[in-house]
Each structure stands twice: as structure tokens, then as C-alpha cells.
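Okay, so here's the structure we're looking at.
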Amino acid sequence: MNNEEPPRRSLSVRGRLLSVTGIAVLASLLVWHGQLADFLGFGSPGDKAPVVAGAGAPDTTALPTEGDVPVSEPTSTPTPRPKPTKPPKKKPKPTKSPTTSQNGPYDEESTEGMSPKLRSRLLKAMAAAKADGVTLRINSGRRSAAKQRRLLDEAIVKYGSYKAAIRWVLPPEFSEHVKGRAVDITPAAGAKWLELNGYRYGICRRYDNEPWHFEALTTPGRKCPAREPYALAK
Ligand SMILES: [Zn+2]
């Protein structure tokens, strides 16, 4: 029993020493770890602010790249701008009937889509002309806004400016053709007949520069109003 005690004490002492050294080592490790953690910046909660700030640092570096995007966009936008796909739209049109496809649902060379007033008056005038041996044909009656726009675009090219073009082709929002309240008559002899006799049916030539253009401008049998020099966008 006695022989056993000293070794036990020595063992206990050794154990204590070992434990002490172990604690010391652990403590030093903890301290070193703490220093390392402090150094690295993620040790204590208080250090997390710098860590966030450190994480924010990459964000600040990312901000310039985000700023570069708007800077690069203006330089890149000019290239996407010339993308208008107008040419493809014109291609399928020639395959269809030119008159109906360009003019929507109405046959432009008929009384389709005309106002009831113009249509009834024009039919009476055409019957009277036929009785006189004169042919009246509808060259252009009701037009779609798209057709009117296209005609205006062509007129701008032909006459050199918008201001000059609208004397011949009004914008869709002002055109009586688009409203179904105007008709262009062909041939010239037929238009001349209608200019002289149209008032009987309430139909009048409106413009000096367009001998073919007629509208229902007066009461049947009454004199037509004075002609206008040319069309005005009003
Ligand atoms: Zn006209």
C-alpha cells in the first residue's frame, strides 16, 4: 500500500505538471489563436465590423465595375439602335393583293368604308354620269392610316419636304380619305364631269391643285363652297 502511494503521488504530480503544461500550451494556443484571429480579423464580435468593412471592400471594388456598366452602355447603345426591322415588313406585302393588304379591310377602289353620305351621293352621281356617257371610276376612296402614312412618306421624298408634301398628301390624322369622307376620281374627263355636275348630288371639288379630289361639301343642289388652294393639316 505504502509503496504504491509514492508512485501515485508522483503520478499525480506528473499529472498535475502535465495538466499545467497542457493548460499552458492550450492557453498559449488560445492566445496565439486569438492573436491570429485578431490578425485575420474574425476573432471577437467587435472585430466583425472590420470584417464586414473588409467584405465591403470588395463591394467598393465592385462599385466601379457597376459604374463601368452605365459608362459602357452609352457606347454600346448606339450599335443596337439601328435595329429597326422595317424592311422585313414590306416583303410580305407584295405577295398579297397590293390594294387590300396595304389598305386594310377596304377595297380602296370602291365605295367600301366610305361614309354613308358620301357613298350614297357618289353612287347617284356615277349613275348620272353613266347616263351622260361619262365614266367615273374611284381611284382612291377609303384609306387606312397606314396607307396614308406610306403615301405621305413617299410624297416627302417626291416633294423634298414635309411642308411641301402635305399640300398633296395629308397626315393620317387630318386626311378625309382615312375618315371615309373623300374620293379621288379617274379618269380626268370623269373628274371634270363631277366638278361641273357634282353639286347636284352634294359633291364638290375641294382643292385647286387636285382636280380629282371630291368631298360631300354641300347640300345636294346647292352651290359648292369656294375651292381651297391646297390641303392644309388642320
Ligand atoms: Zn384625295
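Before moving on, here are some points about what is shown:
- Those residues of the stretch 207-234 which are charged (D, E, K, R), within 16 Å of the ligand (Cβ to nearest atom) and free of Cβ contacts under 8 Å to residues at least 24 places away in the same chain, in sequence order: Asp208, Arg227, Glu228
- Subset of the stretch 112-121 (residues that are more than 23 Å from Trp168 (Cβ to Cβ) and either part of a helix (DSSP H, G or I) or of a type in the set (Ser, Thr, Tyr) (or both)): Pro116, Lys117, Arg119, Ser120, Arg121
- Checklist (1) of a type outside the set (Ser, Thr, Tyr); (2) closer than 25 Å to Lys223 by Cβ; (3) touching a strand residue (DSSP E or B) at 6+ places or on another chain (Cβ under 7 Å) applied to Arg200, failing item: (3)
- The stretch 124-152, residues that are charged (D, E, K, R) and either open to solvent by 70 Å² or more (accessible area, probe 1.4 Å) or in contact with a Lys or Arg (Cβ under 8 Å, 6 or more places away or on another chain) (or both): Lys124, Lys130, Asp132, Arg137, Arg149, Arg150
- Subset of the stretch 181-200 (residues that are within 13 Å of the ligand (Cβ to nearest atom) and in contact with a helix residue (DSSP H, G or I) (Cβ under 7 Å, 6 or more places away or on another chain)): Arg181, Val183, Ile185, Leu194
- Evaluated against (1) open to solvent by less than 30 Å² (accessible area, probe 1.4 Å); (2) in contact with a Leu (Cβ under 8 Å, 6 or more places away or on another chain); (3) within 16 Å of the ligand (Cβ to nearest atom), Ala155 falls short on exactly one condition, (2).
- Counted residues, the stretch 158-173 - those being under 23 Å from the mean Cα position of the chain (by Cα) and open to solvent by 40 Å² or more (accessible area, probe 1.4 Å): 2
The values are calculated or read from the model by the stated rules, or taken from the named source; none is laboratory data. Keep in mind that this is a model prediction, so the values were computed, not measured. Here Cβ is always computed from backbone atoms with ideal geometry, including for glycine, and neighbour counts include all displayed protein chains. Ligands, DNA and RNA are excluded from the accessible area calculation, which covers all protein heavy atoms including side chains. Shrake-Rupley method; radii C 1.70, N 1.55, O 1.52, S 1.80 Å.
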